[in-house]
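Laboratory data are not the source of any read-out in this text; all were calculated from the coordinates shown. Owing to the predicted nature of the structure, the values given are computational and were not obtained by experimental measurement.
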Amino acid sequence: MECLRLALLGGFEARMASGQSLCLPRAKAAAVLGILALHPGQAFARDRLASMLWPALLMVFSFTRVPWIGYALLLAIGCVMILNGAISNGLLQAIVPDAFRGRIMAAYGLVVVGLAQVVGAFTGGVIAHAVGVSTAIFATALLMAGYGVWAFFQRPELRGLGARTV
């Protein structure tokens, strides 16, 4: 098996051990390869990859200037967003005791659906007006990815959630 060398900082670059450059067809492939390279030899669950793919796709979308590429990215972002929602909803229902499930799901719905549309839309509009739409999307996606990585490493119990899915 031939080794692959990756440069993740200062621009993505992938080279085979022989020195030959590896050309990846899409930025999404580079993002997934970069995530996998952070922990070599460790298996990654689809839910963890999907969680990091959402901000990665948003970052790529923020640089898109061709409409049909933007439409395809929005479709992919929407699918990953739905997948993340289903995973988090399923995990929450599987973890919370039956006696509290209704109240927890109501609070989850308020925060994720209700507040996100009101507060998030207003805040996003203010930021986009101040710095530009592309910059606002990229910065928000970067914050999402940063928070996800931080939470994963700060909260060890998050690492074992994939094994608890129903």
Work out from phi, with θ = phi - 60° and the Karplus expression 6.51 cos²θ - 1.76 cosθ + 1.60, the ³J(HN,Hα) of each residue of the range 52-62, listed in order in whole Hz, and give x for Gly and Pro. 7, 6, 4, x, 5, 5, 5, 5, 5, 4, 5
Find how much the distance from Val131 to Ala116 grows on full extension, using 0.36 nm per residue of separation minus their present alpha carbon separation; answer in nm with one decimal. 3.3 nm
